[in-house]
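Asks: Can you keep this structure in mind? I'll have questions shortly.
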Amino acid sequence: MKPNNPSGTEQSSPGIPDSVRGLGELLRYVRTSLSDAGIASPEADARAIFGAATSMGPVDVIFRGDQEYSDEAGRTRLSEMLRRRLGREPLQHILGTAPMLGLELAVGPGVFVPRPETELLAQWAIDEARKLVEGGVGKPRIVDLCTGSGALALAIADAVPESEILAVELSEEALVWTRTNLVDCQARWGGEWVSLVHGDVTDLAALRADEALATWWGRTDIVVSNPPYVPDDAEVSAEVLADPHTAVFGGSDGLDVIRPMMNVVDGLLRDGGVVGIEHDDSSGADMARLLGADWNYNAVAVQPDLAGRDRFTVGVKPR
């Protein structure tokens, strides 16, 4: 793995100068500092940090930008959050949450931070689940392998409450965050729609022996997964390196987890069931061969992200 640091050096912040007092000045200072440090999205990050630290939004800056911001506690929070972001700590760790469709999920060290690209896979699964409901399937059965923060499972459950969903995760550190998000969502929903299993998605025998999965084998309608898939020698940002290594990297070609996981996928799916797996943008052709040639799945299609890069592959288990 190769870290990608556009600025070339570790950044730090001496604090916001006392001379920067106005709301507009503070926001511009944060944005300029992030831009000068090579942060990829300085405008969006500046607004997020500024809002979290000061409880002020764009409207406040537009109409009160020349006014002095005199809350010293807020200035201290803003300075500290800026320092952390300049040190390339992920924005989501600083804020404590990451968005996934209509949800805000708790994240932090020890769990993979869900990215916007994964919302495309979540929406695909939501659309497939809604088709089943409209077709008369009372409770579509959906499994999320490598659930991490619970992003896919919870987003699908939130959008299709008729579904019965089971999520599988191996990492004890990640499960702390999964359970937190599960409790938060269940309190919001007023019900329990997602079950959680601690297990290794590459170990078919162990999962077959798990009683929690006993009724799911051959009876699952949809399987989704955002597994570790970045090739080991890929150049990645410092923010990606803040995620757990085992949640990011997937061997020399990025498929070391996905290949054995297909045994679990195939065992879970009913005939005619569908699977969607997120993968590296360099793996589209390999994934199409894996599902189509190796597993004889039908309707195999590599789906692009919003930038046109191969992002996830879908297929249908033969009947």
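Each reported figure results from applying straightforward, stated rules to the coordinates on display, with no laboratory input. Not measured: the values here are computed from a predicted model. We place every Cβ from the backbone using ideal geometry, glycine too, and count neighbours over all the protein chains shown.
Asks: Using the alpha-carbon atoms, what tilt in degrees (0 to 90, nearest 10) does helix 172-189 show relative to the longest principal axis of the chain?
Replies: 90
Asks: I'd like the orientation of helix 72-86 relative to the chain: the angle between its Cα long axis and the longest Cα principal axis, in ° from 0 to 90, rounded to 10.
Replies: Approximately 50 degrees, to the nearest 10.
Asks: To one decimal place, what Kirkwood hydrodynamic radius in Å is obtained for the range 67-126 from all pairs of distinct Cα atoms? Please list the in-between numbers first.
Replies: Values: mean 1/r = 0.0738 Å⁻¹.
In the range 67-126 this quantity evaluates to 13.5 Å.
Asks: Right, another one. Could I have the simple spin-label model distance between ILE62 and GLU89, label points 7 Å from Cα toward Cβ, reported in nm to one decimal?
Replies: Computed distance between label sites ILE62 and GLU89 equals 3.2 nm.
Asks: Between THR76 and GLN186, take the C-beta separation as r, use R0 = 30 Å, and let me know the FRET efficiency to the nearest 0.05. Don't skip to the answer; put the middle values down first.
Replies: Values: r = 35 Å, r/R0 = 1.18.
In this case the efficiency is close to 0.25.
Asks: While we're looking at this one, here's another question. For the pair ASP294 and THR246, what calculated FRET efficiency results from E = 1/(1 + (r/R0)^6), where r is the Cβ-Cβ distance and R0 = 22 Å, to the nearest 0.05?
Replies: Numbers: r = 24 Å, r/R0 = 1.10.
Efficiency computed from Cβ-Cβ geometry: 0.35.
Asks: In addition: Just the Cα atoms of the chain, one point each, no solvent: what log10 I(q)/I(0) does Debye give at q = 0.06, 0.08, 0.13 Å⁻¹?
Replies: -0.24, -0.41, -0.95
Asks: Using a 7 Å offset from the Cα along the Cα-to-Cβ direction at both ALA206 and ASP271, what is the distance between the two label points in nm, to one decimal?
Replies: Computed distance between label sites ALA206 and ASP271 equals 3.2 nm.
Asks: Which of the three applies to the range 92-132, rounded, prolate or oblate, going by the alpha-carbon gyration tensor with a ≥ b ≥ c and a/c under 1.5 meaning rounded? Each step should come with its number before you reach the end.
Replies: Details: a/c = 3.19, a/b = 2.75, b/c = 1.16.
Verdict is prolate for the range 92-132.
Asks: If I stretch the segment between VAL176 and ARG21 completely, what's the gain in nm (0.36 nm per residue apart, minus their alpha carbon distance), one decimal?
Replies: Details: separation 155, 0.36 × 155 = 55.80 nm, distance 3.99 nm.
Here the answer is 51.8 nm.
Asks: Using a 7 Å offset from the Cα along the Cα-to-Cβ direction at both VAL137 and ASP232, what is the distance between the two label points in nm, to one decimal?
Replies: Here the modelled spin labels are 3.8 nm apart.
Asks: OK, next. Which value does Rg/Rh take for the range 135-238 over its C-alpha atoms, Rh per Kirkwood? Write down the numbers at each step before the final one.
Replies: Numbers: Rg = 14.6 Å, Rh = 14.6 Å.
Rg/Rh for the range 135-238 comes to 1.00.
Asks: Okay, helix-only estimate at 222 nm for the chain: each DSSP H run of n ≥ 4 adds -39500 (n - 2.57), divide by all residues, round to 500 deg cm²/dmol; what do you get? Walk me through the intermediate numbers first.
Replies: Values: 13 runs with 128 residues, N = 319.
The helix-only estimate for the chain comes to -11500 deg cm²/dmol at 222 nm.
Asks: Two decimals, Cα atoms only, Kirkwood Rh: what is Rg/Rh over the range 182-319?
Replies: Details: Rg = 16.1 Å, Rh = 16.2 Å.
With Rg and the Kirkwood Rh in hand, the quotient comes to 0.99.
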